[in-house]
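Written below as C-alpha cells is the structure these notes are about.
Readers should treat all values here as calculations from the given coordinates under stated rules, not as data from a laboratory. Note that this is a predicted model, so its numbers are computed, not measured. Cβ atoms come from the backbone with ideal geometry, glycine included; neighbour counts cover every protein chain shown.
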Amino acid sequence: IRIWSLETMETIVILEGFNRRAIAHLKFSADGTKLVAVCQDTYHTIVIYDWRNNQILSHAESFDNKSLSIDFNINGTGLLHCGNEIVRFWEFSGRNMQYSDAIFGTRAKLQGFLCSGWIGSNAVVGTVDGNLYRFIGATLDSIVLAHS
C-alpha cells in the first residue's frame, strides 16, 4: 500500500509485509490517523494501520462472503464491514478486535450491502434493492426506500 501526497505526488510511506493477495478496500479514519485495508484473501482479513508510523495496530479475519465496503465509525474506534448477505460491526482496542453481526429481524432482506456511512453514531447501509438500512448499535432500526 503506497500513501502519497496529493500536492507533491511523492510517496509518503509504503505499508508492506502483511497484505494478502490484493487489497479490496482502503479507508482512512475521519481524523486521518488510521487506515483500514481489507485484503482479498479467503476471509477478507482486516488490517488497521497507524499509517504515519508504518505500524499495524490490529488485524483479524472477517468473513468469506464477497466484501463490498468498509468504513470507520465516527470516532475511529470501530468499523462497519459490509458484504453479500452480511453486515459486521467491529470494535477494536489496542490489538484486540471483536465483532457483532447485524441483527436484522424479520423485516430485512439478506442481499448485497453495497455501501455504508454514519449519521452520528448510527450506521446506514445501502442495499442492492435500493433501500437504506439504519442500525442502532448492531440492530436494524428502520428501512427507507431510497430508489427503485
Applied in sequence order to the stretch 19-36, the curve 6.51 cos²θ - 1.76 cosθ + 1.60 (Karplus, θ = phi - 60°) yields integer Hz couplings, x standing for Gly and Pro, of 4, 9, 6, 8, 9, 7, 8, 9, 7, 8, 5, 4, 7, x, 8, 10, 10, 10
For the stretch 64-78, what does the Karplus curve 6.51 cos²θ - 1.76 cosθ + 1.60, with θ = phi - 60°, yield as ³J(HN,Hα) per residue in whole Hz, taken in order and with x for Gly and Pro?
-> 9, 5, 4, 8, 10, 6, 9, 8, 6, 6, 4, 9, x, 10, x
Once phi for every residue in the stretch 51-62 is put through the Karplus expression 6.51 cos²θ - 1.76 cosθ + 1.60 (θ = phi - 60°), the whole-Hz ³J(HN,Hα) values, with Gly and Pro written as x, are 5, 5, 9, 6, 10, 7, 7, 6, 7, 6, 6, 9
What's the FRET efficiency of R2 with S121 using the Cβ-Cβ distance as r and R₀ = 30 Å, to the nearest 0.05?
-> 0.40
Label points 7 Å out from Cα along the Cβ direction at N84 and R52: separation in nm?
-> 3.9 nm
Label zone at L110 (point 7 Å along Cα-to-Cβ), backbone N below 17 Å, the stretch 118-148 | 127-129, 139-140
Once the piece of chain linking Q98 and T33 is laid out straight, how much longer is it, given 0.36 nm per residue of separation minus the C-alpha distance between them?
-> 21.3 nm
Which residue, T106, T42, T77, has the most motion in a Gaussian network model of the chain that connects Cα atoms within less than 10 Å?
-> T106
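Report the full-extension gain for the segment L26 to I136: residue separation times 0.36 nm, less the Cα-Cα distance, to one decimal in nm. Each step should come with its number before you reach the end.
Values: separation 110, 0.36 × 110 = 39.60 nm, distance 2.46 nm.
Here the answer is 37.1 nm.
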Size of the dipole of the chain about the Cα centre, Lys and Arg at +1 and Asp and Glu at -1 on the beta carbon, nothing else charged, in debye to 20?
-> 120 debye
The chain: projected area of the alpha-carbon convex hull, averaged over directions, in nm² | 9.4 nm²
